[in-house]
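Report on one structure; see the data block that follows.
Read-outs throughout are calculated quantities, based only on the coordinates presented, and are distinct from any laboratory measurement. Being a predicted model, the structure only gives us computed values, none of them experimental. We place every Cβ from the backbone using ideal geometry, glycine too, and count neighbours over all the protein chains shown.
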Amino acid sequence: MADGGDIPSTRSESKVLRFGVIGQVRPGKSLEWLVPLFAENRTMGDLHIAGTFTNPAHQRRLSFLSGYGNFDNRFLTEADMLSAAADQDYLLALYDDWDARMEAATVHLAARVGKPVIVYDEGWPGRMMREFGCGIAVARNVRPGESFFKNLPRPGDDRYQALQTGIKRFRAAHGGAGSREAFLKKLFDE
């Protein structure tokens, strides 16, 4: 993960929480149930999806996104992806039918922009949430609903600031400087 400070958000302050699913758009990212949940419960916050399809079959399967107003359907450069993520209050990595040991991209993206992440409480992502306090891990067997999203810590709250402190600890532990230090320690201590 690249070193550096938080990427500043370009959006104005809002009382409405913003949640983001950023990157490749495909089935399995819980969009099938997240989009209707947010569309039916506008007081929970806004769900933003930014990225593009890489497979026409995925686009057909998720055709309901074509009419979704918070879908930025385009290829994102690294700068675009960081900007889109920085404009959210939480990043979502609630990936169904996916190997929980492998989903690290969104956690690292969250660390790059200093935002908490919401993941399933399993595998590497769940362990990172417990170890660093950098987000919220939820059980896969009970999908989070309106009550969960409405009761999340909000920017400015002490609990939200604690999550941001956790994501900074995660970034420090997994960033370039920390990785180099760990590598050199192993190299020269053995």
*Grab the Cα-Cα distance for Gln59 and Lys15, subtract it from 0.36 nm times how many residues apart they are, and report the gain in nm with one decimal.*
12.6 nm
*Assuming a ≥ b ≥ c are the square roots of the Cα gyration tensor eigenvalues, decide whether the range 97-144 counts as rounded (a/c under 1.5), prolate (otherwise, with a/b larger than b/c) or oblate.*
prolate
*Angle in degrees between helix 123-132 and the longest Cα principal axis of the chain, rounded to the nearest 10*: 60 degrees
*27 Å Cα-Cα reach of Lys150 towards lysines, excluding residues that sit fewer than 8 places from it in its own chain*: Lys15, Lys29, Lys115, Lys168
*Neighbour-count ranking [beta-carbon atoms within 10 angstrom, fewest first] of Leu37, Leu109*: Leu37, Leu109
*Please give the contour-minus-distance gain from Glu78 to Glu131: 0.36 nm per residue of separation, less the Cα-Cα distance, rounded to one decimal in nm.*
16.3 nm
*Could you pull the Cα extents of the chain along its three principal axes, largest to smallest, in whole Å?*
57, 39, 35
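Give me the percent relative contact order of the chain, please, defined on Cα pairs under 8 angstrom at least 6 residues apart.
On the way: 302 pairs, mean separation 43.7, N = 190.
Here the relative contact order equals 23 percent.
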